[in-house]
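The values are calculated or read from the model by the stated rules, or taken from the named source; none is laboratory data. Note that the structure is a prediction, hence the values are computed from the model and not measured. Here Cβ is always computed from backbone atoms with ideal geometry, including for glycine, and neighbour counts include all displayed protein chains.
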Amino acid sequence: MVDVNTVVGDAVETNDGTVIIPVSQVVCGFAAGGGDYELANGSGKELPFAGGSGAGVSVKPVGFLVVRMNDVRLISTHGNPLAERMVDLAPQVMEKLEALLQKRNRQQGEQPLA
């Protein structure tokens, strides 16, 4: 009923070599219950049995894994894409700020004191 291809779908390759892999959330639930009940006329020593069971499966898309050269990204189907993009870019911004500060410190260190 549910296998790995349901959770991680078949990969699709585009013309530029990008590979897109769909990812889903799969939820399975099962329930069963039963009990004995007494007859109104009270005949017999054995009590009749009543029971039931059920099952359900839900498959919900979560996002897509996009593999491009040296970059792997998860593109979510719900949520805030702008906030997710900001989180993705945060390391690059920090590296650029660090490089800028190091360059500024080097330039200030080379200038003669007046």
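Quick test for you: out of Asp16, Asp10, pick the one residue that is over 17 Å from the mean Cα position of the chain (by Cα), assigned to a loop (DSSP other than H, G, I, E, B) and of a type in the set (D, E, K, R). Spell out the reasoning first.
Values: Asp10 fails: over 17 Å from the mean Cα position of the chain (by Cα).
Only one candidate passes the filter, namely Asp16.
Taking the stated definitions as given, is Arg85 surrounded by 12 or more Cβ atoms within 10 Å (Cβ to Cβ) and outside the structural domain of Thr14 (by TED's automatic domain parsing)? Full working, then the answer.
Numbers: surrounded by 12 or more Cβ atoms within 10 Å (Cβ to Cβ): yes; outside the structural domain of Thr14 (by TED's automatic domain parsing): yes.
Yes: the conditions hold for Arg85.
Just to be sure I understand the filter: pairs with C-beta atoms under 6 Å, separated by 6 or more residues or on different chains, first member in segment 49-63 and more than 10 Å from Val23 (Cα to Cα) and in contact (Cβ under 8 Å) with a residue 24 or more places away in the chain, second member part of a strand (DSSP E or B) and of a type in the set (Phe, Trp, Tyr). Which pairs pass? Matching pairs, first to second residue: Ala55/Phe30.
Is it true that some residue in segment 24-35 is closer than 22 Å to Pro81 by Cα and in contact with a strand residue (DSSP E or B) (Cβ under 6 Å, 6 or more places away or on another chain)? Yes, some residue in segment 24-35 is closer than 22 Å to Pro81 by Cα and in contact with a strand residue (DSSP E or B) (Cβ under 6 Å, 6 or more places away or on another chain).
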